[in-house]
Amino acid sequence: MTISKRKALAPVVDQLWLWIVISILAVSLIVAGCDQDQRYRILTFFFEQVPPPGYQPPDPNSIAARDIGMPGGASGESTARRSFAHEPIKDCDNNVCHVRQAKGQWALTKLSKEIPQLCYECHDNYLSEKGWVHGPVAVGDCLFCHNPHRSTNEHLLNEPQPVLCYKCHDEAGIIAIEEHPQEMTECTVCHSAHVASDRRLLKENIQVE
């Protein structure tokens, strides 16, 4: 085949690959049906920054909206949301989280270790520390709180505080605690998100009766 013919066929080949990828995605989503978790896994295979199952954008008048400066929030100001990236995805050629597939396969799909052992390759193993352990840490579910790729929240949280915390903790019960402000902001100012010597996971510099 001559060089000119190869150049002429290049756009056709690229378009063919695009249609193949789109077809695979469409078929996968149809097979997943109404299973939100399965759909999420499929979409995150192809795309980044996919909202987790059950994600609801914060109310513009909520605490979370004020924290991130959404239009309509109490602050009355609009600021661009920052995006935080997990260090390993910044260098895909030396990605320590995924096992590179056979030559010719473009996707990195298989984790090099199971979670949370994989996380402990870089992050502290909080289970090895003495003290009271936060529920998600105790069961090794790092991804309940953290996104492994990107997030608009610091520490790669799936949702801003206290919205994320209220997925497990009762909002009314938390606000009713005397030491808590009526409008909660960041729970981790006083509480450790992983492990602490206090059963309430209070940080050592926080003194409460």
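The values are calculated or read from the model by the stated rules, or taken from the named source; none is laboratory data. In this text the structure is predicted, and so the values were computed from the model without any measurement. Positions of Cβ are generated from backbone atoms using ideal geometry, with glycine treated the same way; all protein chains shown enter the neighbour counts.
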Kindly indicate the residue of the stretch 159-182 that is of a type in the set (Asp, Glu), more than 19 Å from Val208 (Cα to Cα) and part of a loop (DSSP other than H, G, I, E, B) and also farthest from the chain's Cα centre (by Cα) among those meeting that condition.
Asp170
Quick one: count up the residues across the stretch 118-137 that are in contact with a helix residue (DSSP H, G or I) (Cβ under 9 Å, 6 or more places away or on another chain) and not in a loop (DSSP other than H, G, I, E, B).
9
Checking Cys190 against (1) surrounded by fewer than 16 Cβ atoms within 10 Å (Cβ to Cβ); (2) under 27 Å from His98 (Cα atoms); (3) in contact with a strand residue (DSSP E or B) (Cβ under 8 Å, 6 or more places away or on another chain), only one condition comes out false. Which one?
(2)
The stretch 168-204 - residue that is among the polar types (S, T, N, Q) and at pLDDT 90 or above and, of those, nearest to Asn158 (Cα to Cα)
Thr188
Step by step: first the residues of the stretch 150-172, then only those that are touching a residue at least 12 places away in the same chain (Cβ under 8 Å) and either surrounded by fewer than 12 Cβ atoms within 10 Å (Cβ to Cβ) or hydroxyl-bearing (Ser, Thr, Tyr) (or both), then the one that is nearest to Met184 (Cα to Cα). Which residue is that?
Cys168
